[in-house]
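The values are calculated or read from the model by the stated rules, or taken from the named source; none is laboratory data. Owing to the predicted nature of the structure, the values given are computational and were not obtained by experimental measurement. Heads up, the Cβs are rebuilt from the backbone with ideal geometry, glycines too, and the neighbour counts pull from every protein chain shown. Areas reflect the complete protein model, heavy atoms only, side chains present, ligands, DNA and RNA absent. Shrake-Rupley method; radii C 1.70, N 1.55, O 1.52, S 1.80 Å.
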Amino acid sequence: QVKLVESGGGLVQPGGSLRLSCAASGNIFRIYTMAWYRQAPGKQRELVASITRSINTNYADSVKGRFAISRDNAENTVYLQMNSLRPEDTAAYYCNANISLRLWDPSRAYWGQGTQVTVSS
């Protein structure tokens, strides 16, 4: 059984910073692309940032230059450093990872339970 557990959310003032973490555990053979998504009330879930196993990154235009995604392959963990936070960054943030459980098995997507980020004065 694979589990993704996020941490690091909370309440922060505009202009502040937060660092989210997501650790994958379980019977994992290999983790491929890892990503962060977010969903604000009344809106669709959107991709914030993704990172491949070879550390190629991709960002939503709205967070470029402010957020940085990174990963530790040895620890099966992905991070999201969020700087210069704005009220419009307020959302539930979800970790996503494409994981295969055995050699030759296809990978599938797993999701964390979400962590709330609120940017408000």
Built amide H within the under 5 Å cut-off of Thr90, gap 5+: Val119
Heavy atoms of Asp105: accessible area, 1.4 Å probe, square angstrom to 10: 60
Rounded Å value of the spacing that divides the Cα centres of region 65-121 and region 27-48: 6
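Let me spell out the model: positive unit charges on the Cβ of Lys and Arg, negative unit charges on the Cβ of Asp and Glu, origin at the Cα centre of the chain. What dipole size does that give, in debye rounded to 20?
My answer is approximately 160 debye.
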Other-chain or far-sequence residues with amide H under 5 Å of Val48's (modelled H): Trp36, Tyr37, Arg38
Where Trp36, Trp111, Trp104 fall by accessible area, highest first, once all protein chains stay in place (1.4 Å): Trp104, Trp111, Trp36
Listed residues Ser84, Ile28, Ile55: farthest to the positive end of the dipole of the chain (Cβ charges): Ile28
